[in-house]
């Protein structure tokens, strides 16, 4: 009789351990699986601000254009005074700025980045490098120029 | 020993075992939670340092104001070079040990002086290299240039680095 009682208690104890272990596993899997949602980052937003103010080598009507102005000229398929296409200058300058600003290499904190410029839901420019992960920080800027809604969206992946 | 005493002893051992088991689980969960809190605290400290850099960049002594069209995170390079000459008057003004503004596109390592400006890349405020704890943040470094006697705004991509004493 005593032995049977002891067995019942042992089974009870094992049950408690199993229940707690299952709860712990569920908690752990939820904590680990939930992706780190992308969030607006101070640094990424500052980058977008500084990026769009950069003065490019493209001159139209006698003045050098900022990235912000160059986007509008690219949408209009304009050509710079030095015969380069506005879109080509935008693409080249953006790539070079990103290369210098966000170093993506083996062992670096940044796994990759993406830059997307959209005008009235149409893609004007898309540049990406490295891996896109669930852990990212983003920055964006939206404005209206020449009657068009323009959005600059940048994500840095970690 | 009587049967009842044995039962009480058994119950006591059981209670101790269950309490220890839950205590261990609590320590594990708490450790897990605290590691996340530590990461969040580090992120907040980093954002705070970046905000300090941006606050300095947007202060009247540094910012472009309306000279380059209402831009934010924009540093007036001409203004900073003028400030550099009189920096001794501002020694305790910002409560930071040193400030450096370095252009990253175009890239270079030339330190700015009144002789080589604007053909340089690094403006040191306080005549010393950046040292100690610092977090860089992006700014636009703008100045007035001219082509065929026509002035235009020239803005470059730069990092502002504000070093402060670790507490």
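Since every read-out is calculated from the coordinates, none of them should be taken as a lab result. Keep in mind it's a predicted model, so treat the numbers as computed, not measured. Counting neighbours? That spans all protein chains shown, and the Cβs are built from the backbone with ideal geometry, glycine included.
Remarks
- Estimated Rh, region B:44-122: Kirkwood, alpha-carbon pairs, angstrom: 13.8
- Helix axis angle, B:3-57 relative to chain B longest principal axis, alpha carbon, degrees: 0
- Legend: ranking of residues A:102, B:94 from fewest to most surrounding C-beta atoms inside 10 Å; resulting order B:94, A:102.
- In angstrom, the C-alpha Rg and Dmax of region A:75-135 are 14.2, 42.
- Estimated inter-spin distance, residue A:8 and residue B:66, nm [label 7 Å along Cα→Cβ]: 8.8
- Packing, as the average of other Cβ atoms within 10 Å across residues, places the peptides B:43-51, A:86-94 in the order A:86-94, B:43-51, highest first.
- Residues residue A:105 and residue B:25, FRET efficiency given R0 of 35 Å [Cβ-Cβ distance, rounded to 0.05]: 0.25
- When the Cα gyration tensor is reduced to axis lengths a ≥ b ≥ c, the ratio a/c is 1.5 or higher for the protein assembly as shown, and with a/b above b/c it is classed as prolate.
- When the convex hull of its Cα atoms is projected in every direction, mean area for chain B (nm²): 15.8
- Cβ-derived FRET efficiency at R0 45 Å, residue B:88 paired with residue A:96, nearest 0.05: 0.75
- Rule-of-thumb Rg ratio for region A:114-158 [Cα; 2.2 N^0.38 Å; N residues]: 1.26
- Peptide B:135-145 has a mean shielding of 4, counted as Cβ atoms of other protein chains within 10 Å of each residue's Cβ.
- Modelled FRET efficiency - R0 56 Å, residue A:131 with residue B:6, Cβ distances, 0.05 increments: 0.30
- For region A:48-157, convex hull of alpha carbons as volume per residue, Å³: 97
- Shown for A:142, B:115: other C-beta atoms within 10 Å of each C-beta, ranked fewest to most, produce the order B:115, A:142.
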